[in-house]
2 protein chains.
Amino acid sequence: MKSVPLYQAKAEMFRLLGHPVRIRVLELLSERPMPVRDLLTAIDVEATGLSQHLAVLRRSGMVTAQREGPTVVYALAGGGVANLLVAARTLLTQMLVGRNELLNELLAEAGAP
Amino acid sequence: MKSVPLYQAKAEMFRLLGHPVRIRVLELLSERPMPVRDLLTAIDVEATGLSQHLAVLRRSGMVTAQREGPTVVYALAGGGVANLLVAARTLLTQMLVGRNELLNELLAEAGAP
DNA sequence: CCACCAATTGAAAATTTCTGCAATTTGCTA
DNA sequence: TAGCAAATTGCAGAAATTTTCAATTGGTGG
């Protein structure tokens, strides 16, 4: 039964998140469930491109889709996504700060060699 | 100055994590700093391939490298990475559970249609 | 100094992922 | 029921990533 190593499942999950459009979608959905039309106006992407990315997220089980009349409403499948996005923001901050410190050191060296 | 939108920076960060070898490296380093040689015995990858992935992580500022005599010791650059990996495990669990529930529903349907 | 081990680099080949187009599906309403 | 809007699908070309190979650097012991 056991087929995919855990670290590979993790990598695949992160890869899912590794696209600007999909990140935007998840961020928007972490505020509230939303029809495709709203996502489309909020994100700079063609309808067909958005559909592709939504399909990726749907297949992974990270979001759910539900048809409501003429529109389809998407929602996050669970709270875990929002948590991960928060952790990501924290790490990103650290990384950017780290870079900035390095940059400052380089500038200091250049100023007074 | 402000050049890259935040959601794109996030996507790039996730993309960094989207590879099995890089995930393994970060998990191992979250236990303790480690020379390349140890990573090499723990992960199923060629030395040259590992170097490529280490270079990716280094350039991003997620890990640091320090030469100690004949070997190079790598370490996580900050605690944020470890936190993110924990959040990832949680989300992955949720996703797998969600899938399992869906699977069970399908099996139930098939059993008593 | 030379030979060797650890690790890295650069670049081409192989693979994966993205984008954009044409065509289709679904539900509503005139 | 014909027509329209909302979404999706399948696919081909373009773009990005990964793998692999040959060559190189840094450090150490003989």
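The values are calculated or read from the model by the stated rules, or taken from the named source; none is laboratory data. Bear in mind that the values here come from a model prediction, so they are computed numbers and not experimental data. Using ideal geometry, Cβ is built from the backbone for each residue, glycine included, and neighbour counts are taken over all protein chains shown.
Here B:PRO113 meets each of (1) part of a helix (DSSP H, G or I); (2) of a type outside the set (Asp, Glu); (3) over 14 Å from the mean Cα position of the chain (by Cα); (4) modelled with pLDDT under 95 with one exception, condition (1). Contact map, the stretch A:9-20: residues that are more than 7 Å from chain B (Cβ to nearest Cβ) paired with residues that are assigned to a helix (DSSP H, G or I) and of a type in the set (Ser, Thr, Tyr), Cβ distance under 7 Å, separation 6+ or inter-chain. Pairs shown: A:LEU16/A:SER60. Between B:VAL21, B:VAL45, B:VAL25, B:VAL63, the distinction of being under 22 Å from A:LEU17 (Cα atoms) and near DNA strand D (Cβ under 8 Å from one of its atoms) belongs to B:VAL21 only. Checked against the criterion of being within 14 Å of DNA strand C (Cβ to nearest atom), more than 8 Å from chain B (Cβ to nearest Cβ) and polar (S, T, N, Q), the stretch A:23-34 contains not a single residue that satisfies it. Among the residues making up the stretch A:58-98, those that are among the hydroxyl-bearing types (Ser, Thr, Tyr) and under 15 Å from B:LEU84 (Cβ atoms) are A:THR90, A:THR93. In the set (1) buried (at least 20 other Cβ atoms within 10 Å of the Cβ); (2) within 22 Å of A:GLY69 (Cα to Cα); (3) of a type outside the set (S, T, N, Q), A:ALA47 fails one condition alone, (1).
When A:LEU76, A:LEU57, A:LEU84 are checked against the criterion of being within 14 Å of chain B (Cβ to nearest Cβ), touching a residue at least 60 places away in the same chain (Cβ under 8 Å) and surrounded by 12 or more Cβ atoms within 10 Å (Cβ to Cβ), a single residue qualifies: A:LEU84. When residues in the stretch A:24-44 are screened for being assigned to a helix (DSSP H, G or I) and free of Cβ contacts under 8 Å to residues at least 12 places away in the same chain, 4 of them pass. I'd like to check something: does the stretch B:63-71 contain any residue that is crowded, with 18+ Cβ neighbours inside 10 Å and of a type outside the set (Asp, Glu)? So far as the stretch B:63-71 goes, yes, one or more of its residues are crowded, with 18+ Cβ neighbours inside 10 Å and of a type outside the set (Asp, Glu). Among the residues of the stretch B:40-87, those identified as within 8 Å of DNA strand C (Cβ to nearest atom) and of a type in the set (A, V, I, L, M) are B:LEU40, B:ALA47, B:LEU50, B:LEU54, B:ALA55, B:ALA65, B:VAL72, B:VAL73.
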